[in-house]
Structures are given as structure tokens and as C-alpha cells.
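FYI, it's all coordinate maths here, none of it is from the lab. Values in this document were obtained by computation on a predicted structure and should not be read as measured data. Every residue, glycine as well, gets a Cβ built from its backbone with ideal geometry; the counts of neighbours run over all protein chains shown.
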Amino acid sequence: MRALIVDDSRPSRIVVRMVLKDLQMEVLEAENGRRALELVDQLGPGDVIFVDWNMPALNGLDFIRALRADPRYNEIRVVMVTVNGDQSEVNRALEAGANEYLMKPFDREMIKAKLQLLDCPLAS
Ligand SMILES: [Mg+2]
């Protein structure tokens, strides 16, 4: 399965990438939402996107809205990643079309737990 990591912070992308590669996923990366929209054609149903909320060019919320506006991408799972855990912010992300919400700072177990919640087939 494939994953797309969208984050303007390279260190953040590296942490997620290491965990996902360990789980035998094929990993694509983008540094903002605009670039990510150019890559989503390479994903299929059941693939997963980890998207940071705060980014230049196109932020995570607007990226998710753009993604969900296209029915071809309905079956791609999306995890919003952010430092802000306010319930109202979580709700905004879910209403925009995120499937899950991951708080920074996160660790490997938190990423795995989210993938399990999303029913992603995980290599142990
Ligand atoms: Mg950011």
C-alpha cells in the first residue's frame, strides 16, 4: 500500500516516513498541499495521506477540501496532523473530510494506532 506524507517540515516527514517504511509501505512526500494535489493521482482506494495542517501554499484543511471535492479520491484515507487538539479544530478537520486526527508530537505507536483505526493492512 502507498502513503503520501504532506508536511512543510522535513524532520516531521522523516519521522512519519521511517515508521511507514518499516510497515512496508511505499512512501511519497510533498512539502505543501499544492504539490500534494499533483501526486494524489498516484494513490488508489485504501491508500493513506498524512497531512500537516499548517503549511504555506495550500494548508492541510484546504488540501483536504480540494481532495474531497473530487469523488475519485473518496476512498483515500486522510489523517490530519497538527499541534492543535481543540475539539472545534478536530471537528473542522473531520467535516472537511479527514478520517482521523493525529496530534504533534507523535511517536511510532501513535501512527500505528491511527493506521489500525483506519483498517490499514499493516505488516507487523
Ligand atoms: Mg507545518
Approximate spin-label separation I14-Q42, in nm, with each point projected 7 Å along Cα-to-Cβ: 2.1 nm
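Could you compute the net charge surrounding D8? Neighbours are other residues with a C-beta less than 13 Å from the C-beta of D8; K and R count +1, D and E count -1.
Working: positive: R10, R13, R34, R35, K104; negative: D7, E29, E31, D52.
Once positives and negatives cancel, what remains is +1.
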Estimated vicinal HN-Hα couplings, Hz - the range 74-84 in sequence order (Karplus 6.51, -1.76, 1.60; Gly, Pro = x): 4, 8, 7, 7, 10, 10, 7, 10, 7, 7, 8
Listed residue (G97, V27, V40) projecting farthest to the positive dipole end of the chain, Cβ model: V27
Estimated inter-spin distance, D22 and D107, nm [label 7 Å along Cα→Cβ]: 1.0 nm
Rel. contact order, % - alpha carbon contacts under 8 angstrom, at least six apart, the range 11-76: 32 percent
Over the chain, relative contact order from alpha-carbon pairs under 8 Å, at least 6 apart, %: 23 percent
Linear extension gain, L117 paired with D62, 0.36 nm per residue minus alpha-carbon span: 17.4 nm
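Provide the net charge surrounding V40, with neighbours chosen by a C-beta distance below 10 Å and charges set as Lys +1, Arg +1, Asp -1, Glu -1.
Result for the neighbourhood of V40: -3.
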Approximate spin-label separation N54-R35, in nm, with each point projected 7 Å along Cα-to-Cβ: 1.9 nm
